[in-house]
Amino acid sequence: MSWDIDRAVTELLDRESTKTDGGRITDEWPGLDLPTAYQVQDALLRRKIDAGEQLVGVKLGLTSRAKQQRMGIESPLTAWLTDAMELPVGAPVRLDELIHPRIEPEIVFVMGDRLAGPGVTAATAMRAVRSVHAGFEVIDSRYRDFSFALPDVVADNASSSRFVVSGDGVSPDGLDLALEGCLLGIDGQVVDSATGAAVQGHPGEALALAANALGARGIEIEPGWVVLTGGLTDAVFLEPGREVSAEFTNLGTLRVVGS
Ligand code: OOG
Ligand code: MG
């Protein structure tokens with residue numbers, strides 16, 4: 001059977017619902033180039049919306065060197081966030097619902113104003129931000145061993161699975177997000193650290209990148225949207241009973257336990 005956008009969406013959604021990983025789609029469908037992969041991603045979002053989920057924002061992926069080096073892909077990408085992916089602060093991550101989840105700390109924006117590329121700079125982007133939050137993203141690639149080429153991971157909505165956003169946002173005014181520190185801990189031991197500069201030099205650059213990339217596809221970032229700016233550090237595996245913490249300088253501390 002030959003591949004097309006619809007079959008790719010069905011395959012990825014099947015893997016998600018049956019909690020099984022599989023091979024790269026590009027191995028069997030060399031024609032899956034980047035524009036087609038974004039069409040798969042958009043079609044996948046439409047299927048989720050048809051099933052009752054709501055679009056709540058956008059995520060960036062592979063915006064830091066730590067993430068790019070781990071995944072072996074240098075190009076940042078965007079993907080969609082729906083309400084079904086959001087976990088309340090303090091809720092455990094149910095591992096039985098997922099394939100091989102990893103978790104990564106992220107700086108998160110909630111948008112106050114609409115933002116439409118092209119031509120968006122980090123400064124313009126930051127003026128559209130209402131509040132800045134500590135965040136975690138749980139990624140759960142539908143590919144075996146998180147092994148993928150760029151079009152595979154774009155089609156797979158950038159491994160998106162769950163996310164957590166701290167309740168108390170901080171105004172972007174007066175924050176230097178390049179210097180915002182983050183200590184990543186596992187069961188109370190610091191295992192990694194980064195500052196906001198890890199993400200494109202400044203998380204506002206990542207937001208501008210998303211606005212411009214989406215703008216090229218005729219899509220605007222809407223007021224109220226959540227924007228995940230990308231993992232600051234490499235992701236760590238979630239395990240039953242393992243507590244992962246992200247302690248930020250000004251954005252507070254988030255803790256998540258695998259259950
Ligand atoms: C791809 C998604 C990357 C991030 O924050 O860099 C991402 C992956 O690592 O599986 O979410
Ligand atoms: Mg991420």
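Looking across the stretch 1-33, the residues that are free of Cβ contacts under 8 Å to residues at least 60 places away in the same chain, more than 17 Å from His100 (Cβ to Cβ) and of a type in the set (Ser, Thr, Tyr) come down to Ser2, Thr10.
Quick check: anything in the stretch 200-207 within 12 Å of ligand 1 (Cβ to nearest atom), surrounded by fewer than 24 Cβ atoms within 10 Å (Cβ to Cβ) and of a type outside the set (Ser, Thr, Tyr)? Checked the stretch 200-207: at least one residue is within 12 Å of ligand 1 (Cβ to nearest atom), surrounded by fewer than 24 Cβ atoms within 10 Å (Cβ to Cβ) and of a type outside the set (Ser, Thr, Tyr). Residue-level check: of (1) of a type in the set (Ser, Thr, Tyr); (2) crowded, with 17+ Cβ neighbours inside 10 Å; (3) farther than 22 Å from Val165 by Cβ, Ser75 misses just (2). Residues to consider are Asp145, Asp187, Asp173, Asp140; find the one that is among the acidic types (Asp, Glu), closer than 30 Å to Leu32 by Cβ and more than 15 Å from ligand 2 (Cβ to nearest atom). So the residue among Asp145, Asp187, Asp173, Asp140 that is among the acidic types (Asp, Glu), closer than 30 Å to Leu32 by Cβ and more than 15 Å from ligand 2 (Cβ to nearest atom) is Asp145.
Residues in the stretch 219-237 that are farther than 13 Å from Gly57 by Cβ and within 14 Å of ligand 2 (Cβ to nearest atom): Gly230, Gly231, Leu232, Thr233, Asp234, Ala235, Val236.
Apart from one condition, Arg242 fits all of (1) within 16 Å of ligand 2 (Cβ to nearest atom); (2) charged (D, E, K, R); (3) out of contact with any Leu (no Cβ under 6 Å at 6 or more places or on another chain); the exception is (1).
Screening Glu104, Glu16 for residues that are outside any helix (DSSP H, G or I) and either within 27 Å of Asn250 (Cα to Cα) or not hydroxyl-bearing (Ser, Thr, Tyr) (or both) leaves exactly one candidate, Glu104. Condition check: crowded, with 19+ Cβ neighbours inside 10 Å, touching a His at 6+ places or on another chain (Cβ under 7 Å) and of a type outside the set (Val, Ile, Thr). Does Leu251 satisfy that? It is true that Leu251 is crowded, with 19+ Cβ neighbours inside 10 Å, touching a His at 6+ places or on another chain (Cβ under 7 Å) and of a type outside the set (Val, Ile, Thr). The criterion of at least 2 residues that are free of Cβ contacts under 8 Å to residues at least 24 places away in the same chain is met by the following strands (runs of 3 or more DSSP E) wholly inside the stretch 166-241: 189-195. Each residue in the stretch 113-156 was checked for being assigned to a helix (DSSP H, G or I) and either touching a residue at least 60 places away in the same chain (Cβ under 8 Å) or at positive phi (or both), and 14 of them qualify. Given the structure, is Val153 within 13 Å of ligand 2 (Cβ to nearest atom), over 24 Å from Thr20 (Cβ atoms) and buried (at least 24 other Cβ atoms within 10 Å of the Cβ)? For Val153, the condition - within 13 Å of ligand 2 (Cβ to nearest atom), over 24 Å from Thr20 (Cβ atoms) and buried (at least 24 other Cβ atoms within 10 Å of the Cβ) - is not met.
Read-outs: derived from the displayed coordinates by stated rules, not from any lab. Bear in mind the structure is a predicted one, so any value in this text is a computation, not a measurement. Neighbour counts are summed over all protein chains in view; Cβ atoms, including those assigned to glycine, are modelled from backbone coordinates with ideal geometry.
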